[in-house]
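Beneath this line is the structure, given in structure tokens, with notes to follow.
The values are calculated or read from the model by the stated rules, or taken from the named source; none is laboratory data. Computed from a predicted model, the values in this text were never measured in an experiment. Don't worry about glycine lacking a Cβ; one is built from the backbone with ideal geometry, like all the others, and counts go over all protein chains shown.
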């Protein structure tokens, strides 16, 4: 699970992961999603902190951070800076050469992208007219089917905003609005049918920036509810991994990104095998190795 714009900061009033109720996270970590909880965990849950700066000055950004996360290539170093927004031609070329999803597919694994898009977006993709995110690039280069409103209706996809109400408003379509816990159980069911399932939410980053009225407390509530449903629905053979590309929402004293480390939260049988990950660059190689070993 890729959660955009969530870092690890010290406990405090400006950190909503400390100041707000997060029962699912607290059950997993025996504490809050903060720097103080690094190294903690209940049962098979483990939390580590990953470097998102990758040796480049300035604030980490989405395009380069996500490219690094999903390829293992130091994209900020390649570009000479942290690049915001959607990937441009040079980063898309890096993603095309090989990413987490396309490499897993090439190795014969069952891979799916759980996010739902509108039919109109899928049609624009087919025409080459859509602007695509890093995760969408990964899915396209892997040859994966892009899920749509029909999958949402069948309970076999989840929207970026978790519930579907914001997706519905922004996209101008009518979809079922669900509680976060149910959305999590749907993701867990998909995970049980595949070797590798990717889901992305960028609600957290929008809330951190206070864009379009997205409320930080609501974003934290939805994320925690989603995790509750996933954990409850996972099979004993499945490992959940949650990480991010850069900090943002964990520090409400600013609307900007942060240089804080990002979480590396694992729950399940491969949690300890994934302990050596130290930065965004290690994520894709570690996941692919765990998949090859059959432990994730």
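The set of residues from segment 23-48 being under 18 Å from the mean Cα position of the chain (by Cα) and either free of Cβ contacts under 8 Å to residues at least 60 places away in the same chain or farther than 16 Å from residue 241 by Cβ (or both) comprises just one member, 34.
Annotation: residue 54 fulfils all but one of (1) farther than 30 Å from residue 111 by Cβ; (2) in contact with a strand residue (DSSP E or B) (Cβ under 7 Å, 6 or more places away or on another chain); (3) at pLDDT 95 or above; the unmet one is (1).
For the criterion of being modelled with pLDDT of 95 or more, part of a loop (DSSP other than H, G, I, E, B) and surrounded by fewer than 18 Cβ atoms within 10 Å (Cβ to Cβ), residue 5 fails.
Among the residues of segment 153-163, those that are in contact with a helix residue (DSSP H, G or I) (Cβ under 7 Å, 6 or more places away or on another chain) and in a loop (DSSP other than H, G, I, E, B) comprise 155, 156, 157, 159, 160, 161, 162, 163. Looking across segment 84-93, the residues that are surrounded by fewer than 22 Cβ atoms within 10 Å (Cβ to Cβ) and modelled with pLDDT of 95 or more come down to 84, 86, 88, 89, 90, 92, 93. Listed by position, the helices (runs of 4 or more DSSP H) inside segment 43-105 whose residues that are more than 17 Å from residue 205 (Cβ to Cβ) number at least 2 are 75-79, 89-97. Only one of the listed residues (156, 81) is without any contact (Cβ under 8 Å) to a residue 60 or more places away in the chain and under 28 Å from residue 247 (Cα atoms). That residue is 81.
Filter segment 167-185 down to the residues that are farther than 15 Å from residue 115 by Cα, part of a helix (DSSP H, G or I) and either at pLDDT 95 or above or touching a helix residue (DSSP H, G or I) at 6+ places or on another chain (Cβ under 6 Å) (or both) and list them by number. 181, the sole residue that qualifies.
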